[in-house]
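S.K.: Pasting a structure below so you can have a look.
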Amino acid sequence: QNPKTYAIVKQLLAEGNAGELQKYFGSRMEFGTAGLRAAMGAGISHMNDLTIIQTTQGFCRYLEKNFSDLKKRGVVIGFDARAHLSSGGSSKRFARLAANTFISQGVPVYLFSDIIPTPFVPYTVTHLKLCAGIMVTASHNPKQDNGYKVYWENGAQIISPHDKGISQAIEENQEPWPQAWNDKLIDSSLLLHDPYATVNKEYFKDIQKQCFYRNINKATSLKFVHTSVHGVGHKFVQLAFKAFDLSPPFAVPEQKDPDPDFPTVKYPNPEEGKGVLTLSFALAEKDGARIILANDPDADRLAVAEKQESGEWKVFSGNELGALLGWWIFTCWKNNNRDTRAIKDVYMLSSTVSSKILRAIALKEGFHFEETLTGFKWMGNRAKQLMDQGKAVLFAFEEAIGYMCCPAVLDKDGVSAAVITAEMASFLATRNLSLTQQLKAVYDEYGFHITKASYFICHDPKVIQQLFDNLRNFDGKNTYPKSCGRFKVSGIRDLTTGYDSSQPDQKAILPTSKSSQMITFTFANGGVATMRTSGTEPKIKYYSEICAPPGNSDVEQLKKELDELVIALEKHFFQPEKNQL
């Protein structure tokens, strides 16, 4: 019933454009553990009013089956500022339609009345003890995209088998229910609640448990620049600084207000580094700020840059900031826990494609480190399991600039990460140390961990399949490569098939998934490289790392070795010319 998408389809029919119609209606968006992520537009392959209604009807039926008290507890729904003029879709409209679906079935809905950062949804699920949460966002994807992200009652993103169950229920509930299109109905419903004021108060109270140096924060002369890259982060990072008694950061004026067109950046993704930070650098130079904090548009990720003595800017990689935050959060914990026995219940987590620096810190300091599969859904769920066993999970991170610094949010959170980074920098400044100098000190103490990651774009699933098949049948059937250029392969773990050469029974310990590609190669020189497909973008990614024991300080040699390994990996395993990547 959306006049805009209806008109698009009518036009294509009138033109007899079978190719485009096939694209729009050939296959339904797949509902996976990350929920939905696709372009906004007409047809069942896109995010629009109809597909949101169908998805929510399926999700509602699945929740009814799983929770006998769904009508007592309810769900939370949040949204970012994305909008798409030509199809009439927007995050806010999708959130209202989803709310309408639940309310029509007698389920209470806590619908935020305004835009929020993604981490507010998992926070609200936990805080209000709800059955589930939905966040309508496409995070840092291109502007035409939107997404539908789902959290379970434990406050973490869903993992299998829930994705299969929800997907099945969507298939079974495709015809819109009688009042599905009329989202005006919710405004007069007693089942509609707005958690905005409560959560804004409680969240900032909860993150203050991670504030340890209020007096330093009050007195610091360090200046920060913050950009929300046309997303939702501005207001919330300002409030976080206030909660920590820090002077507010300078906001990049051209990027501080939400704008679904993201006019000043090619991609609204701070992971892309300097290109996204051009305006931040200019403002920092003007106002004399040494540190830049950048959130992605839904404020669940954080990039950090620091001005060097030379006047150059260093943008920290996700692994480098993970090392700094891991060191900082553990140091703060240690200073506040004099009982040395408590350390046996302390945990930190990171994903398997992230740097192993936390493992090195844990080994030396005596706490536990665990790695999980890629993505915060795994770290969030594992953290919850550990917390339910009475363990303290201090920190979790992934190299894609995602950090979980507070146990109140079981997902990555760019708001708390920004203010904790600011406190760490303010503390280090009292010792005349920069973040860059402290990072070197961490590596000096626990061993250098040099990482390099990048990706190739490939829109053809057949080519991707062939590339990975080739690696599994390298020198004849069922043989993996024994070397990569001059680098000898010493171990292989394939999480698509479940093979791990380092295990006595050759079976991988981490869960395997046939639907996504992921192979990790260990090399005789101490290097590790993982190749995997992305769950949300047409990319084949690689992650590489060389770890040296403490005391090996020839960093330039380590970097050179890793650069050469990466060149060999691209040439021999990706074969970009042959595969047209």
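The values are calculated or read from the model by the stated rules, or taken from the named source; none is laboratory data. Predicted model only: the values in this text are computed from it and were never measured. Cβ: placed from backbone, ideal geometry, glycine included. Neighbour counts: every protein chain shown. Calculation scope for accessible area: heavy atoms of the full protein, side chains included, ligands and nucleic acids excluded. Shrake-Rupley method; radii C 1.70, N 1.55, O 1.52, S 1.80 Å.
S.K.: At 0.36 nm per residue, and after removing the present C-alpha to C-alpha distance, how many nm does the segment from residue 15 to residue 469 gain when stretched out fully?
M.R.: Values: separation 454, 0.36 × 454 = 163.44 nm, distance 4.10 nm.
The span from residue 15 to residue 469 would gain 159.3 nm if fully extended.
S.K.: What is the magnitude of the charge dipole of the chain about its Cα centre, with +1 placed on the Cβ of each Lys and Arg, -1 on the Cβ of each Asp and Glu, and no other charges, expressed in debye to the nearest 20?
M.R.: Dipole size: approximately 660 debye.
S.K.: Could you state the number of Å between the C-alpha centres of the stretch 384-459 and the stretch 1-79?
M.R.: 36
S.K.: Check which residues have an amide H placed less than 5 Å from residue 138's amide H, if you skip close sequence neighbours.
M.R.: Residues meeting the criterion, in which the H sits 1.01 Å from N, are 147.
S.K.: Counting alpha carbon pairs within less than 8 Å and at least 6 residues apart, what relative contact order, in whole percent, applies to the chain?
M.R.: With pairs under 8 Å counted, the relative contact order is 11 percent.
S.K.: Efficiency by 1/(1 + (r/R0)^6): what FRET value for residue 459 and residue 431, r their Cβ-Cβ distance, R0 = 60 Å, to the nearest 0.05?
M.R.: Calculated value: 0.75.
S.K.: From the residues 31, 185, 219, which one has its Cα farthest along the dipole of the chain in the positive direction, the dipole being from +1 and -1 charges on Cβ of Lys/Arg and Asp/Glu about the Cα centre?
M.R.: Final value for the positive-end residue is 219.
S.K.: Given R₀ = 22 Å, FRET efficiency for residue 556-residue 314 by Cβ-Cβ distance, to 0.05?
M.R.: The value I calculate is 0.85.
S.K.: Right, here's the next one. Along the Cα→Cβ direction, 7 angstrom out, place labels at residue 479 and residue 266. What is the inter-label distance in nm?
M.R.: Distance between the two pseudo-spin positions: 4.2 nm.
S.K.: With r as the distance between the Cβ atoms of residue 160 and residue 188 and R0 = 35 Å, compute the FRET efficiency 1/(1 + (r/R0)^6) and round to 0.05.
M.R.: FRET efficiency, residue 188 to residue 160: 0.35.
S.K.: At 222 nm, what helix-only mean residue ellipticity would the chain give, in deg cm²/dmol to the nearest 500, using -39500 (n - 2.57) for each DSSP H run of four or more?
M.R.: -11500 deg cm²/dmol
S.K.: On to the next question. Determine the gain in length on full extension of the stretch residue 388-residue 501; use 0.36 nm per residue of separation and subtract their C-alpha separation, reporting nm with one decimal.
M.R.: 37.4 nm
S.K.: Next question, about the same structure. Using only the heavy atoms of the protein chains and a 1.4 Å probe, how would 545, 561 rank by accessible area, largest first? Provide the component values of the computation, followed by the final result.
M.R.: Values: 545 15, 561 40 Å².
My answer, sorted largest first, is 561, 545.
S.K.: Determine the gain in length on full extension of the stretch residue 64-residue 563; use 0.36 nm per residue of separation and subtract their C-alpha separation, reporting nm with one decimal.
M.R.: Answer, rounded to one decimal: 174.4 nm.
S.K.: Continuing with this model, one more query. Which shape class, rounded, prolate or oblate, goes with the stretch 3-193 when its Cα gyration tensor gives a ≥ b ≥ c as root eigenvalues, a/c under 1.5 marks rounded, and past that a/b bigger than b/c marks prolate?
M.R.: Since a/c reaches 1.5 and a/b is larger than b/c, the shape of the stretch 3-193 is classed as prolate.
S.K.: So for the pair residue 242, residue 30, with labels modelled 7 Å out along Cα→Cβ, what separation do we get in nm?
M.R.: A separation of 4.4 nm, rounded to one decimal place.
S.K.: Mind listing the long-range amide H neighbours of residue 226? Cut-off is under 5 Å, sequence gap 5 or more, other chains count too, H placed in the peptide plane at 1.01 Å from N.
M.R.: Result for residue 226 returns 250, 251, 252, 293.
S.K.: Further, regarding this structure: Mind ordering 369-378, 408-417 by average Cβ neighbours within 10 Å, highest first?
M.R.: 408-417, 369-378
S.K.: Now for a different question. How high is the relative contact order of the stretch 448-578, in percent, with contacts defined as C-alpha pairs under 8 Å that are six or more residues apart?
M.R.: Value for the stretch 448-578: 29 percent.
S.K.: From the phi of every residue in the stretch 35-46, what ³J(HN,Hα) in whole Hz does the Karplus formula 6.51 cos²θ - 1.76 cosθ + 1.60 yield, where θ is phi - 60° and glycine or proline is x?
M.R.: x, 10, 8, 7, 6, 7, x, 7, x, 6, 8, 10
S.K.: HN-Hα J couplings of the stretch 58-63 from phi, Karplus 6.51/-1.76/1.60, θ = phi - 60°, integer Hz, Gly and Pro as x?
M.R.: x, 4, 4, 5, 5, 5
S.K.: Sticking with this structure for a sec: Can you give the local net charge around residue 90? Use residues other than it whose beta-carbon is closer than 11 angstrom to its beta-carbon, Lys and Arg +1, Asp and Glu -1.
M.R.: Result for the neighbourhood of residue 90: +2.
S.K.: Give me a comma-separated list of calculated 3J(HN,Hα) values for the stretch 510-518, in order, Karplus coefficients 6.51, -1.76, 1.60 applied at θ = phi - 60°, integers in Hz, x for any Gly or Pro.
M.R.: 5, x, 10, 9, 5, 7, 10, 8, 6
S.K.: Once amide H atoms are placed 1.01 Å from N in the peptide plane, what residues at a sequence separation of 5 or more from residue 483, or on another chain, have their amide H within under 5 Å of its amide H?
M.R.: Amide H neighbours of residue 483: 489.
S.K.: Could you please report the charge total around residue 319, scoring K, R as +1 and D, E as -1 over all other residues with beta-carbon less than 15 angstrom from its beta-carbon?
M.R.: +3
S.K.: Spin-label point model (7 Å from Cα, Cβ direction): what's the residue 579 to residue 363 distance in nm?
M.R.: That separation, rounded to one decimal, is 3.1 nm.
S.K.: Straight distance only, please: which aspartates and glutamates reach the Cα of residue 201 with their own Cα at less than 20 Å, same-chain residues fewer than 8 apart left out?
M.R.: The reachable aspartates and glutamates, counting only those whose Cα sits under 20 Å from residue 201, are 80, 114, 245, 298, 300, 411, 413.
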